[in-house]
1. Quick check on chain A: helices-only [θ] at 222 nm, where DSSP H runs of length 4 and up contribute -39,500 (n - 2.57) each and the sum goes over total residues. Nearest 500, please.
2. Give me the inter-chain shielding for B:91-101: mean count of other chain Cβ atoms within 10 Å, whole number please.
3. Please report Rg over Rh for region A:190-349, where both radii come from the alpha carbon positions and Rh follows the Kirkwood definition.
4. When only Cα pairs under 8 Å and 6 or more residues apart are kept, what is the percent relative contact order across chain B?
5. Helix-derived [θ] at 222 nm for chain B: sum -39500 (n - 2.57) over DSSP H runs of at least 4, divide by residue count, nearest 500?
6. Calculate I(q)/I(0) for chain A by the Debye formula, one identical point scatterer on each C-alpha and no solvent, and give its log10 at q = 0.08, 0.09, 0.11 Å⁻¹ to two decimals.
7. Amide H to amide H, which residues 5 or more places from B:Thr195 or on other chains are under 5 Å from it, using H placed in the peptide plane?
8. So for region A:199-340, taking the charge dipole from beta-carbon charges (+1 Lys/Arg, -1 Asp/Glu), which of A:Leu284, A:Ala317, A:Val235 sits furthest toward the positive end?
Amino acid sequence: MRFLRYVLKSLWGHRTRSLLTVGGAAVSLFVFTFVGGVRGGMDQISSGWNERSLIVFQIHRFCPETSRLPEAYGKTIAALPGVADVLPMRVFMNNCGATLDLIVLHGVPPQKLRAFRDLSLVAGSFSEFETRRDAALVGRTVADRRRLRVGDKFTVGELTVTVAGVFSASNPAVENTIYTPLEFLQYGRGLNSVGMVTQFEVKVADGADPVAVARAIDESFRADRVQTDTRAKGVFESFAVGDLAELVGLAGYLGYACIVLVLTLVSSTTMMTVQDRAREYAVLQTIGISWDGVFRLVLAESAVLGGLGGALGVTAAAAVLNWGGLSLATEGVSVAFSASGGLVAIGLTVAMVIGLAAGVFPAWQAARSDIVEALRSS
Amino acid sequence: MALVEVIDVVKEYRKGEHVIRPLDEVSLEIERHEFVSLMGASGSGKSTLLNLIAGIDRPTSGEVIVNGTAITRLSRRQLAHWRAAHIGYVFQTHNLIPVLTAFENVELPLLLLPFSRSERRKRVALALEAVGLSDRADHYPRQLSGGQEQRVGIARAIVADPLVVVADEPTGDLDAESTEQILELLMRLNTELGTTFLVVTHDPRTAGIAQRRLRLEKGKLLDRDCPAHVATITEDE
C-alpha cells in the first residue's frame, strides 16, 4: 500500500497508453456483461415461471395473432381433474416477428389477474383497472421505456388504452407486459374476437401431474374443430423464442472472445510498460525493493488497468441494461434484459482476475531481470 | 574491523566462448567514515567492484563483508532488504523516477523501512536540506537541472542513513559548475555527517577529493595512496 501512489502516478505518467487500455477493457467488459444480461433475460423465460403453470394454445399455431380458441373451452378445462384455475387471455400485438419495438396487450378478466400474477402497484389503482373498459395496467419496464404515467393514453394499432396503473413484479419478464380487460380486446373495433381467446393459462392443482393434466386438456378437444397444444409455460415461451435463444447463444461466444481480447490488451500494455521501464525497475531494486516487490508493483498496475476498465464497462452495461428498458420480443413473448447483482459481481471479478492474470508474465519478467544489465541499458 | 571487506573477489563473465574476468582476486578494506575513490580505464572492473559492494551483483568467488554481514551469502530477497537499510547508491545518470516529485523520489527508500509517515517526512526534509533543495521538493525531475537532479539522487542515497554510499561516476554527466557543487556536497556529507563513500570515477578532480585513491587495472587493485585521513566524526557523534 505504501507504493500505491507510485503505481497510480506511473499509470498517470503514461496516461495515453493507460486510458486506451482502460477504454479497451471497458468496451470488452461492457460487451461481456451486456451479452450476459441478454442471456439472463432468455434464461428467465424458461426459469421464471412456475412449472405448474400450463399454456393452452391452438395446435400448429405460432404467432399469438393466429391462435384462436373458443372462450368456452375455459369451462371444460376448469372441470378437468388436476386443474386449480384457468385464466383466459387474448393477446394483441403490433408485430409478430422478432423486434425491439413490440407492444403486446394481454387481455385478461380483471378480477382474475391478481390470482395469477404477483403484481405490486407502484402507481394507479387496481379498482380503476377492474372498472374501466379501456384500462391498462402497464409493467414498470414498459412504462419507463415508453415514459407512460397513470392517466396517459396510448394507441396500438386501432386500439387506444388509458393507463390505470403501473406495476412491478418479481419476474422481470412480467414487468415488460401490458394488461387490459379481456373484453376490451374481444369487442374492440376490427378485432372480430367476440367469444374467442388466444390461449388459456392453467394453474395445476397441488399434487396433480402437470404432464398428465396437459395431456388431458389436449385429449378433451381432440375431436373438436379447434384442437389445442398444451405445454408448461416456461417450455411454451422458450419454444417461442427458440430462434432468438440460438442467436443469443452465439453472442455468448462474443462475450468470451471479449475476455480473451481484454486479456491480450492489458497484457501487451503491461509488457510494453515493463520493457520501457526496465531501468526504472532496476533502480527500484537497487534502492532495496525485492524481486517479489517489483512483481507486485507490475501486477498492481495491470490489476488497476484491468479492474478500472472492467468496472467502468460492467457499470455502463448494468446501467444500460437496468435503466435502458431494453427488451426483445418475438411471437408475443418479451425478453427483458437486465443485469442482476450476480452478473455485475461476475463481471467485476472477471475484470480483476483478467487484470491480475494479464500482469503475471510481464511482472515475472520485470522481477527476474538482472539489475546490472538493466541499469546498463539505455 | 573495517566497515567493508572485500576478500579475494573474482568476477567472471562468459561471452560466447571467451571468459572475461573484470575482477581478479581483488581484496579491499574501507573504514567507517572513509572517502575512497576508485579510478581505472573503461572495462577495468571498477563499476563491477562497486556493484558487488552495493549488493546488486554477486562475485564468482570470494567474499564481500559489510559491517560484519557476508552479503555474498544472502538470498536475493535478504540482499534487497539489506540494501534498503544499509546502502545508498548514486547513479551517473541520476535515475530519478520521472513521475515522482523530488520529495517522493527521496522518500522511496524510506517506504521500505519501518518509518512512520511523520518520520519519513522529517528525514526527507533533512536530506533535501542537506543537498540544498528544500525549495524544489515539489518539482518533478523534468523541472530540475542536471546538477539538481544529481543532488536529489544524493539525497535519496543518504536519506536512510546508510552504512555506505556508493557513487558510480556521480559527476560524469555534469558540467563544470555542477560538478564543483556536487563534489563540495559529497565532501561536506563526509566531513559533517561522517558518511562513508566509495566513488567510482574517471575524473581526477573527483578522485582528488577522496582521502584514499584506488586504481583498478586489468582486474587488479592498485592501492595508490595510504589513508591520508579519516573523517574525524566517530560513531558516537
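Laboratory data are not the source of any read-out in this text; all were calculated from the coordinates shown. Computed from a predicted model, the values in this text were never measured in an experiment. With ideal geometry, Cβ positions are generated from the backbone for all residues, glycine too; neighbour counts draw on all protein chains shown.
1. Roughly -17500 deg cm²/dmol at 222 nm, from the helical runs in chain A.
2. 5
3. My calculation puts Rg/Rh at 1.29.
4. Answer for chain B is 28 percent.
5. Working: 7 runs with 75 residues, N = 237.
Taking each H run of at least 4 residues, the total per residue is -9500 deg cm²/dmol.
6. -0.55, -0.63, -0.79
7. Placed amide hydrogens put B:Asn190 under 5 Å from B:Thr195.
8. The Cα lying farthest towards the positive end belongs to A:Leu284.
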